[in-house]
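Undergrad: Encoded as structure tokens, here's the structure I'll be asking about.
The values are calculated or read from the model by the stated rules, or taken from the named source; none is laboratory data. Remember, predicted model here, so these are calculated numbers, not experimental data. No Cβ is skipped: glycine too gets one built from the backbone with ideal geometry, and neighbour counts run over all protein chains shown.
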Amino acid sequence: MKFTPTEDEFYKFCQPAFEDITSICDEMKFQIKCGNDYIIDFLESIIKSYQNNESIFKKQIDIEPNL
């Protein structure tokens, strides 16, 4: 399923999330003095972890649809 947020949803949920994630990455870069490559690897590991969690969540919904 492909999600396309409405303009209102984008500005209410997606834009603030993007700004928060960017701010966290900037703070990490400043605090641990890492480069963009590390930040990109870090974000890719989050993506992989989320993809696995999404599969687990889908299985839980199949087992118990009221989640």
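Undergrad: Search the range 28-47 for residues that are on the phi > 0 side of the Ramachandran plot and pair each with any residue that is at pLDDT 95 or above and surrounded by 14 or more Cβ atoms within 10 Å (Cβ to Cβ) when their beta-carbon atoms are under 7 Å apart and the residues are at least 6 apart or on different chains.
TA: none
Undergrad: What number of residues within the range 3-41 satisfy the criterion of being surrounded by fewer than 10 Cβ atoms within 10 Å (Cβ to Cβ), over 16 Å from the mean Cα position of the chain (by Cα) and not in a helix (DSSP H, G or I)?
TA: Adding up the residues that qualify gives 3.
Undergrad: On the given criteria, is SER49 among the small types (Gly, Ala, Ser), part of a helix (DSSP H, G or I), surrounded by 10 or more Cβ atoms within 10 Å (Cβ to Cβ) and modelled with pLDDT of 90 or more?
TA: Considered against the rule, which asks whether it is among the small types (Gly, Ala, Ser), part of a helix (DSSP H, G or I), surrounded by 10 or more Cβ atoms within 10 Å (Cβ to Cβ) and modelled with pLDDT of 90 or more, SER49 comes out as no.
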